[in-house]
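The block underneath contains the structure these notes are about, expressed in C-alpha cells.
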Amino acid sequence: MKPAIRNLRDMRPRFKVADCAASGRFGRAAVAIAVIGAAAALAAPSGIAGRRHDRPVPILMYHVIAAPPAGVAFPELFVRPADFAKQMKWLAHQGFHAVTLREVYEYWLTGSPLPRRAVVISFDDGYLSQATEAMPVLRKLHWPGVLNLKVNAVQKFNLPLWRVRALIAAKWEIDAHTITHPDLTTVDDARLWQEVHGSRVEIRKMLHVPVEFFCYPSGRYNAHVIDAVRRAGYWGATTTNYGLASPAKPYELSRVRINGSDGLAGFAHKLESVAP
Ligand SMILES: [Zn+2]
C-alpha cells in the first residue's frame, strides 16, 4: 500500500493543450510541474519516499479586516486591522512564512522547497478591506495572501478590479469562489457548472491568472460538487472544515477559521494547538 503516492497521483493536474495555450507561461510551468510530479511518483520506491513531502500546512481563513459595525449579522467575520497586524507579527516571530496554496501543492506533488513553518493566509469573498488593510501588512513582511474571489464582488465594485490587480502585483494568488456564492449542494447541474467552471473562466479572462484552486461557498460541498470542481480542472479546493490542510484530501482542504473575538491570544492558541 502506498497511500501517499496514490493520493499525489490523484492530485496530478490533467491538462489539455488548449488550457496551456490559453494560460501562457503559467500553463507551461504547470505542465513542467505535472511532468516532474509524474516522474517523482514513478521513481518513488516505497511509501516512505512519498511521505517526505506530505507535511500538512495551516491555511488561515479571514473575511473582513475591519471593526464590526454595530448590529452587524455576523460580527465574528470582522477582524480588527490592529488585531490582524498583531497576528501577522506573531506568526513572523514564531518563524512562520506565508506561502500560496500553489507553493504548498507543488511541495506536496514534487517535494519542491517549502519553509519549515509554512502558513497560507486566505481571504474569502473579496472585500475592499482585504486590499486596503491586509495587503499592506503582508507586503511589509514580503508575504503573499490568497484571495478566494467571488466574481460578483468585482463586478459589483465592492472590490474594484484595479485593487485586485494590485494584490496580484504583490504576489497574491487568486482562487475561485464561484460567481454568486450559492450553496452548491442545492443548485442544479447547469448552475453548478456555471458557478464552478464559469468563475474560473471569468477570473482568467478578467485578470490573466491561472486560478488553480477553488473554495466552496459557506463550506458547503458533497461528492457531486467535488466532481464538478475536479472536472473544471482545479488542482484542489478549500473548505471551512477546521484543521490542517493535508495532501490526502486535496479537494477537501481544511482551514483554521480566525474570528473577530480571537484577538492575539485566541489566535496564538489556535496556531499552537493546530501546528505546534
Ligand atoms: Zn464566501
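Annotations
- Residue check, Arg165 among the charged types (D, E, K, R), in contact with a Gly (Cβ under 8 Å, 6 or more places away or on another chain) and more than 15 Å from the ligand (Cβ to nearest atom): no
- In the range 67-150, counting only helices (runs of 4 or more DSSP H) that sit wholly within it, the ones holding 3 or more residues that are within 18 Å of Val256 (Cβ to Cβ) and in contact with a Phe, Trp or Tyr (Cβ under 9 Å, 6 or more places away or on another chain) span 81-93.
- Count of residues meeting criterion [within 12 Å of the ligand (Cβ to nearest atom), without any contact (Cβ under 8 Å) to a residue 40 or more places away in the chain and among the hydrophobic types (A, V, I, L, M, F, W, C)] in the range 204-218: 1
- Test: residue in the range 243-252 that is more than 16 Å from the ligand (Cβ to nearest atom) and over 17 Å from Val104 (Cβ atoms): no
- Taken as a whole, the range 192-203 holds no residue that is within 27 Å of His53 (Cα to Cα), within 16 Å of the ligand (Cβ to nearest atom), hydroxyl-bearing (Ser, Thr, Tyr) and without any contact (Cβ under 8 Å) to a residue 60 or more places away in the chain.
- Test: Arg165 is closer than 23 Å to Pro250 by Cβ, under 19 Å from the mean Cα position of the chain (by Cα), in the same structural domain as Leu128 (by TED's automatic domain parsing) and basic (Lys, Arg): no
- Flag if Leu141 is away from the ligand (no atom under 16 Å from the Cβ), farther than 20 Å from Ala232 by Cα and buried (at least 22 other Cβ atoms within 10 Å of the Cβ): no
- All of Pro182, Pro160 fail the test of being within 18 Å of His63 (Cα to Cα) and within 14 Å of the ligand (Cβ to nearest atom), apart from Pro182.
- Filter pass, Val154 being within 16 Å of the ligand (Cβ to nearest atom), modelled with pLDDT under 95 and crowded, with 16+ Cβ neighbours inside 10 Å: yes
- Some residue of the range 146-161 being at positive phi and in contact (Cβ under 8 Å) with a residue 60 or more places away in the chain: no
- Every listed requirement among (1) away from the ligand (no atom under 16 Å from the Cβ); (2) over 18 Å from the mean Cα position of the chain (by Cα) is met by Ala131 save one, (2).
- Condition check for Val72: in contact with a strand residue (DSSP E or B) (Cβ under 8 Å, 6 or more places away or on another chain), buried (at least 21 other Cβ atoms within 10 Å of the Cβ) and in the same structural domain as Lys205 (by TED's automatic domain parsing): no
The values are calculated or read from the model by the stated rules, or taken from the named source; none is laboratory data. All figures in this text were calculated on a predicted structure; none of them were measured in a lab. All Cβ positions, glycine included, derive from the backbone under ideal geometry; neighbour counts span all protein chains shown.
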